[in-house]
1. Regarding residue 32, is this residue at pLDDT 95 or above and not in a helix (DSSP H, G or I)?
2. In the list 31, 54, which residue meets the criterion of being in contact with a helix residue (DSSP H, G or I) (Cβ under 8 Å, 6 or more places away or on another chain), surrounded by fewer than 19 Cβ atoms within 10 Å (Cβ to Cβ) and without any contact (Cβ under 8 Å) to a residue 12 or more places away in the chain?
3. Can we say residue 79 is outside any loop (DSSP other than H, G, I, E, B) and farther than 16 Å from residue 111 by Cβ?
4. State which residue is nearest to residue 50 (Cα to Cα) when the search covers only segment 82-99 and only residues that are under 10 Å from the mean Cα position of the chain (by Cα) and in a strand (DSSP E or B).
5. Just wondering, is there one or more residues in segment 51-63 that are within 16 Å of the chain's Cα centre (by Cα) and assigned to a loop (DSSP other than H, G, I, E, B)?
6. If the Cβ limit is 6 Å and pairs must be 6+ apart or interchain, which residue in segment 111-122 that is modelled with pLDDT of 80 or more pairs with which residue that is not in a loop (DSSP other than H, G, I, E, B)?
């Protein structure tokens, strides 16, 4: 399955000149965590909810965004998209065409949607284990 099968196609975007405050209000109102930043129909960055926390509301998105974000092409597999998210510890990947134009956005929510049986939820067998660190030594042993 390729990324176009699961990507969000109705993507809200902002210009690099929009303020972080205005972008934050938009994100809150739409209940989204990522805003691609577009200039001349080309992706130039992405603004996340975490970026909002680092910058003042008067700063332009161009200053707060992650420039040149990790992207995938429309024919990238869903597995490849998930792999990149894990490697880079990110929650969204813009899908861009050959000319750099944004065609969609795959989020961690989109990927999780693949795991949900919308007809009925099933309990999968797994083993759950807690590892409690009671001291600094135990914490180091768990981390090793």
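1. Spelling it out, it is not the case that residue 32 is at pLDDT 95 or above and not in a helix (DSSP H, G or I).
2. 54
3. Details: outside any loop (DSSP other than H, G, I, E, B): yes; farther than 16 Å from residue 111 by Cβ: no.
Spelling it out, it is not the case that residue 79 is outside any loop (DSSP other than H, G, I, E, B) and farther than 16 Å from residue 111 by Cβ.
4. Once the filter is applied, the top-ranked residue is 92.
5. No, because not a single residue in segment 51-63 is within 16 Å of the chain's Cα centre (by Cα) and assigned to a loop (DSSP other than H, G, I, E, B).
6. 111/82
The values are calculated or read from the model by the stated rules, or taken from the named source; none is laboratory data. A quick note: this is a predicted structure, and the numbers were derived from the prediction, not measured. Heads up, the Cβs are rebuilt from the backbone with ideal geometry, glycines too, and the neighbour counts pull from every protein chain shown.
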